[in-house]
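Engineer: Handing you this structure, nothing more for now.
The values are calculated or read from the model by the stated rules, or taken from the named source; none is laboratory data. Small disclaimer: the values here were computed from a predicted structure and weren't measured. Positions of Cβ are generated from backbone atoms using ideal geometry, with glycine treated the same way; all protein chains shown enter the neighbour counts.
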Amino acid sequence: MRHTLLRRLLAAPVIGTIAVMVFAAPVAAQSTTRDLIMGVNRQLMILAVPIGVFMTVLLLYTVLKFRKREEPKPTGENRALEISWTVATAIVLLFVGLASYQVMADPAVTAPHSVEEVEGDPVEVDITGQQYLWLFEYPEHNVTKPRTMVIPVNQTVFMRIESRDMIHAVHVPGLALKSDAIPGQVNTLQTTATEEGTYTLFCAEYCGEGHSQMLAEVKVVSQSEYQQWLDDQKEEG
Ligand SMILES: [Cu+2]
């Protein structure tokens with residue numbers, strides 16, 4: 001009877017794993033950065049949910065099964081058990097470490113310091129934060145625009161981020177980009193947007209009374225629209 005109960009309880013982690021795999025199924029990401037981060041998040045969830053469910057079930061089972069024992073006896077040494085939980089923990093930590101390291105070492109997550117280290121032909125954008133707006137400069141084309149950054153889809157974009165006054169932070173959740181903007185220091189971001197659309201850039205570091213209005217738009221457009229936009233800017237300038 002009890003064994004049937006135990007077996008039923010142990011089915012929970014299996015059901016949990018299946019549920020996570022169904023609900024955390026890969027969805028089309030909007031940038032290579034987002035794809036990497038969501039991917040490792042999914043992997044870790046598939047690992048963490050069954051372990052969490054298994055531990056909870058084990059705890060409940062132990063509490064229920066032994067609740068009536070009046071004279072509890074301490075557990076003696078059990079070397080096999082101790083070795084197995086040490087090894088199991090080491091394997092879990094190794095998996096978490098390797099999975100995270102692979103993502104963190106990717107240039108789309110930890111960008112190189114200079115554009116020379118970027119493969120291919122990246123679009124360069126210098127992003128400057130100031131109370132309370134964002135400026136986007138395209139140094140290769142001599143174009144500077146406030147409040148709107150236009151980038152081509154499926155091409156690497158390399159961004160240098162700086163501030164003129166306070167500490168600000170670039171945050172584009174839709175593309176999974178985030179970096180501090182610090183006076184006197186250049187931080188970098190690199191990504192390839194893979195889906196056209198308009199994404200909001202938020203300032204993610206409280207920088208004064210206009211902080212909540214310190215927004216910008218990131219427009220991901222086709223290659224031809226991007227060229228057209230650049231030409232228009234040059235004519236205007
Ligand atoms: Cu700000």
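Engineer: Could you check, for the stretch 79-94, whether at least one of its residues is closer than 30 Å to residue 235 by Cβ and either more than 16 Å from the ligand (Cβ to nearest atom) or among the charged types (D, E, K, R) (or both)?
Structural biologist: The answer is no, given that none of the residues of the stretch 79-94 is closer than 30 Å to residue 235 by Cβ and either more than 16 Å from the ligand (Cβ to nearest atom) or among the charged types (D, E, K, R) (or both).
Engineer: Follow-up. I'm checking my understanding of the structure. Among residues of the stretch 189-211 that are aromatic (Phe, Trp, Tyr) and within 16 Å of the ligand (Cβ to nearest atom), which one is surrounded by the fewest Cβ atoms within 10 Å (Cβ to Cβ)?
Structural biologist: Result: 206.
Engineer: Let me ask you something else. Right, residue 180: out of contact with any helix residue (DSSP H, G or I) (no Cβ under 7 Å at 6 or more places or on another chain), touching a residue at least 24 places away in the same chain (Cβ under 8 Å) and surrounded by fewer than 18 Cβ atoms within 10 Å (Cβ to Cβ) or not?
Structural biologist: Spelling it out, residue 180 is indeed out of contact with any helix residue (DSSP H, G or I) (no Cβ under 7 Å at 6 or more places or on another chain), touching a residue at least 24 places away in the same chain (Cβ under 8 Å) and surrounded by fewer than 18 Cβ atoms within 10 Å (Cβ to Cβ).
Engineer: Among the residues of the stretch 212-227, count how many are surrounded by fewer than 18 Cβ atoms within 10 Å (Cβ to Cβ) and within 11 Å of the ligand (Cβ to nearest atom).
Structural biologist: Of the residues in that region, 3 qualify.
Rundown of residues vs (1) assigned by TED's automatic domain parsing to the domain that holds residue 219; (2) in contact (Cβ under 8 Å) with a residue 24 or more places away in the chain; (3) of a type in the set (Phe, Trp, Tyr), yes/no style:
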site	(1), (2), (3)
60	no, yes, no
74	no, no, no
77	no, no, no
91	no, no, no
140	yes, no, no
149	yes, yes, no
158	yes, yes, yes
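Engineer: So which of 124, 116 ends up being surrounded by fewer than 19 Cβ atoms within 10 Å (Cβ to Cβ) and either within 21 Å of residue 35 (Cβ to Cβ) or out of contact with any helix residue (DSSP H, G or I) (no Cβ under 7 Å at 6 or more places or on another chain) (or both)?
Structural biologist: Only one candidate qualifies: 116.
Engineer: Suppose we filter the stretch 139-193 for residues that are in a loop (DSSP other than H, G, I, E, B) and among the basic types (Lys, Arg); how many remain?
Structural biologist: 2
Engineer: Restricting to the stretch 127-138, name every residue that is in a loop (DSSP other than H, G, I, E, B) and touching a helix residue (DSSP H, G or I) at 6+ places or on another chain (Cβ under 8 Å).
Structural biologist: Hit for the stretch 127-138 is 132, nothing else.
Engineer: Run down 57, 53, 40, 20 and say which single residue is part of a helix (DSSP H, G or I), under 19 Å from the mean Cα position of the chain (by Cα) and at pLDDT 75 or above.
Structural biologist: Working: 57 fails: under 19 Å from the mean Cα position of the chain (by Cα); 53 fails: under 19 Å from the mean Cα position of the chain (by Cα); 20 fails: at pLDDT 75 or above.
The unique qualifying residue is 40.
Engineer: Say we look at the stretch 76-107 and pick out the residues that are of a type in the set (D, E, K, R) and in a helix (DSSP H, G or I); which of these is farthest from residue 45 (Cα to Cα)?
Structural biologist: Among them, the one singled out is 79.
Engineer: Scan the stretch 201-226 and report the pairs whose first residue is closer than 17 Å to residue 30 by Cα and whose second residue is hydroxyl-bearing (Ser, Thr, Tyr) and at pLDDT 95 or above, with Cβ atoms within less than 6 Å and a gap of 6+ or a chain change.
Structural biologist: What qualifies is 217/148; 217/198; 218/199; 219/198.
Engineer: Which residue, of 157, 186, 172, is touching a Lys or Arg at 6+ places or on another chain (Cβ under 6 Å) and more than 12 Å from the ligand (Cβ to nearest atom)?
Structural biologist: 186
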